[in-house]
Amino acid sequence: MDPIRRRSFLRMAAAAIPGSTLLSQTAATAISARPVKVFAGSDREGKSHTVGVSSTTYKVLTADTLGAMFVMEQANQKKGGPTRHLHFSQDELFYVIEGEYIVEIGAERFHLKAGDCVLGPRGIPHAWAFVGDSNGRMLLSYSPAGRMEAFFNDREKNGIKKGAYASSTDAETMKAYGMELIGPPLKIDESA
């Protein structure tokens, strides 16, 4: 049986089992997902992105996982980070590849260096900032993906000022993408 007909058959078979909504979603994901390799320093689609003060490359697109995850790498040369916010439906993993970052999740503050990571659970306010003296790189993963990829794409498309993380319309915009603006970015000593 050719692969396309086999996939269709397996999806129908999984969906036919009474009460198998989870099974059919899992089977469809396993059948549809494909390995994705993105080379170091490259973007999944070969594009370049700017988010705030970060140069950004997308590593795993929302479509690659049928919405289960979105992953991007941010490269920082300038200190700073985004506004304090929360995600209604996404857990966010912060994994530092290079440099030093401060990540605040709820009332806890974490100083992260290369190889360190911290999970920001959905519904808990958080913010992060690059605080290193050299370059920094951090991998950000959102699970499930929700509308995070669309949020970053639309910010770029709609001309959010390069070098800025926030604008006066962020509260409404963030809510439309499943987030809530809570407060200003972390205060950091840029001379340190």
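The values are calculated or read from the model by the stated rules, or taken from the named source; none is laboratory data. Keep in mind it's a predicted model, so treat the numbers as computed, not measured. Every residue, glycine as well, gets a Cβ built from its backbone with ideal geometry; the counts of neighbours run over all protein chains shown.
Each residue in the range 107-132 was checked for being touching a residue at least 40 places away in the same chain (Cβ under 8 Å) and not in a strand (DSSP E or B), and 3 of them qualify. The lone criterion from (1) assigned to a strand (DSSP E or B); (2) surrounded by 18 or more Cβ atoms within 10 Å (Cβ to Cβ) left unmet by Arg155 is number (1). Within the range 101-151, track down each residue that is under 15 Å from Leu181 (Cα atoms) and not charged (D, E, K, R). Selection gives Ile105, Gly106, Gly123, Ile124, Pro125, His126, Ala127, Trp128, Met148, Phe151. Could you tell me whether Met12 is crowded, with 18+ Cβ neighbours inside 10 Å and either at pLDDT 85 or above or among the hydrophobic types (A, V, I, L, M, F, W, C) (or both)? No; evaluated as a whole, the condition is false for this residue. The residues listed here are Glu149, Glu180; of these, the one that is under 16 Å from Pro125 (Cα atoms), out of contact with any Asp or Glu (no Cβ under 9 Å at 6 or more places or on another chain) and either surrounded by 16 or more Cβ atoms within 10 Å (Cβ to Cβ) or at pLDDT 95 or above (or both) is Glu180. The residues in the range 56-104 that are of a type in the set (Val, Ile, Thr) and within 14 Å of the chain's Cα centre (by Cα) can be counted, and the count is 7. Pick from Ala33, Ala107, Ala28: which is loosely packed, with under 15 Cβ neighbours inside 10 Å, of a type in the set (A, V, I, L, M, F, W, C) and either closer than 20 Å to Asn153 by Cα or at pLDDT below 95 (or both)? Checking each option against the conditions leaves just Ala33.
Residue-level analysis places Ser48 among those that are more than 16 Å from Asp154 (Cβ to Cβ), of a type in the set (Gly, Ala, Ser) and at pLDDT below 90. From the residues in the range 62-77 that are aliphatic (A, V, I, L, M) and under 24 Å from Tyr101 (Cβ atoms), which one is surrounded by the most Cβ atoms within 10 Å (Cβ to Cβ)? The qualifying residue surrounded by the most Cβ atoms within 10 Å (Cβ to Cβ) is Val71.
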